[in-house]
Amino acid sequence: MLRIASKLSSRVSSSTALTAHPFPTRLSPLPASSFRPFTNGLELDASMTVPDAIKMINYALRQWRSERSLGAFRMGLSVLKHCITTELTEGKDPTRENSKGMAMLAMSTLLYERGEYSEAIEKLEGVQELTNSYLGVRVAALETQAGLLLELRQDDLAAAVADKCMKLVENQQQARDFEAQFVRAKALKGLIELVNGNVDSAEDFFDKSLREKYCDGTAGLSYAEFLHKKQNYSMAKEVYRNVVQGAVEVKNAGNPYLGAGNFSVDELIVGSMCALGQLESLMGNFGNAEHHLTQAICRAEEAYGDSKHPTLGVALTSIALMYRRKATQEHSSSLLVQEGLYRKVIDILKVPLMETESEGAAPSVDRSDIAALARGAYAEVLGVQENRKKEGEKMRNLAESIWKNRRMSLADALDTDSNIIDSRISRLL
C-alpha cells in the first residue's frame, strides 16, 4: 500500500540533509481541532437508502480499485448498471431515488478514475432527474460536475453549473438540511472565483456558517483555501484540520458520502492533507509539512491502489516543492530527494507535447499547472549541477511551453508564497 511513501522514506533517511523529521511509516491522527466536525448534508443515513443497493455500489467500487484492470472496470460498471435498473432503485420513493442517485454518483466516479470524463459528466447530469431524492444527492452531482469541468479547464462551463446548483438549492428552501446545501452551493461559486484569481470576490461566497457550523467537506476545504490565500494562516490551519478529521470520520463510519469523482471523500481527505502540508511548509514547519504530505501520499495509494494515479502525482509535486522551500530557507541541499520526486511526477503527469498515449489508454487530461511546476522546479535542480546545465535548460524550456496559466508566469508561480495546489482539480490557486 505504501509503496512510494516507503521508498521515499528510505531515500530521505539516507540523505544527510534531511534527517530531522523522518517519514511516518503509518498514518497517525491529527491533533484535535478546536472546531467540531459537522457533517450534515455530507452523508446519507442508512435509513435514507436501500441497504442492498449500497452493498452493490460498494462492491462495484472495491472490484475496480482492487484490480484496476479493464475486466474489473467492466464488472464494476455492470454491477452499477444493474443497480440502477433493478427493483431496488425503481419508483419515486425517496429512499429508492437516493439509492439510484448514489449508484449514478458511483458510476461517475468509476468513469472518472478510468479517465472517461465525458461519460462521467453525463451520468452526473442524469441525477437531476431524481426530483424526489434528498437535495444533497443532487447538489453533490452538480458540485462534482463543476469539479470535473474545472479539472478539464472548462471554467466557463463550471461557472454555469455552479449557477445551476445555486438555483436548485434556492428553489428548495423547505428541503431537509437546506442551510447546509446552501452553504455548499455558495462555496462552489467561491472556489471558481479562487480558480480565476478573484480572491476578494470569493469572500462573498463563503458564508459565515462555514465558521460556525459547516466547516467541513468540500465547502470547508475551499473555505480553508480562501483563508490560506488571504494569509489568515492560523484559521486556515484549523479549518484544514477540521476537514481532514471530518472526512476521515465519514470514511470510517461507512455511510454513503455525498460526493463523487474528484470531489469524492477520498479526494477530500487527500486534498485537505495536501493543502495542510503546503500551509505548514509556508509557515516554516517542515516537520509537520512532511508528515501531512506523506499522509496524503499514503491515503492516495490506499484509496486508488495505483502508483501512477494523477492525484498521487499532485501530492508528490507538493512534497517536492516543500523540500525545495526547506533547502532554500535552511541553506541546505536535497537535490537527490528532489530529483527522485520530480522524475516520478513527470512519469505520472505526462503531457501530450512530450509523451504519446499508448493504444487503448484513457484520454489525457490537461494538468499543465502541476506538470509545468514540477518540470520548472526540476530544471532548477539540474541547473545548479555544472555537468547538467544543458539538460536543465531543455527542461526549463519544456516547462515554459506547457505553462498555460494566464495570471502569472511560471517563474512567478515558483517564487510566490501564496499559491496553493488544489489536488482535487489539479490546478494552482
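Details
- Computed from Cα positions, the angle between helix 94-114 and the longest principal axis of the chain comes to roughly 30 degrees.
- Taking each DSSP H run with n ≥ 4 as -39500 (n - 2.57) and averaging over every residue of the chain yields -21000 deg cm²/dmol at 222 nm.
- Counting only protein heavy atoms and a 1.4 Å probe, the stretch 220-328 has 23 square angstrom of accessible area per residue.
- Nitroxide proxy distance, nm - points 7 Å out along Cα→Cβ at ARG406 and LYS92: 4.6
- In this structure the amide hydrogen of ARG427, modeled in the peptide plane, comes within under 5 Å of the amide hydrogens of ASP422, none closer than 5 places in sequence on its chain.
- Structural descriptor for the stretch 212-335: relative contact order 19 percent, calculated from alpha carbon pairs under 8 angstrom and at least 6 residues apart.
- Spacing of the two label points (7 Å from each Cα toward its C-beta) at GLN128 and ASN397, in nm: 4.7
- Computed from the Cβ-Cβ distance with R0 of 51 Å, the FRET efficiency linking GLU203 to ASN387 stands at 0.55.
- Rounded to the nearest 20, the Cβ-based charge dipole of the stretch 127-179 about its Cα centre (Lys and Arg +1, Asp and Glu -1) stands at 140 debye.
- Cut-off 13 Å between beta-carbons: net charge of the residues surrounding GLU391, Lys and Arg +1, Asp and Glu -1: +3
- In the chain the Cα-Cα distances spread across 20 Å bins starting at 0 as 27, 58, 14, 0 percent of all pairs.
- Cβ-derived FRET efficiency at R0 56 Å, LEU336 paired with ALA253, nearest 0.05: 0.85
- Shape call, the stretch 185-295: gyration tensor on alpha carbons, a/c limit 1.5: oblate
- In the stretch 202-338, the portion of solvent-accessible area held by carbon and sulfur atoms comes to 44 percent [1.4 Å probe, whole percent, DNA, RNA and ligands not counted].
- Note on GLU119 and TYR59: their simple-model spin labels are 2.1 nm apart, each label 7 Å out from Cα toward Cβ.
- Apportionment of accessible area to carbon and sulfur, the stretch 104-147, percent (1.4 Å): 36
The values are calculated or read from the model by the stated rules, or taken from the named source; none is laboratory data. None of the values given here were measured: they were computed from a predicted structure. Note: ideal-geometry Cβ built from the backbone for every residue, glycine included; neighbour counts use all protein chains shown. These accessible areas exclude ligands, DNA and RNA; they are computed on the full protein's heavy atoms, side chains included. Shrake-Rupley method; radii C 1.70, N 1.55, O 1.52, S 1.80 Å.
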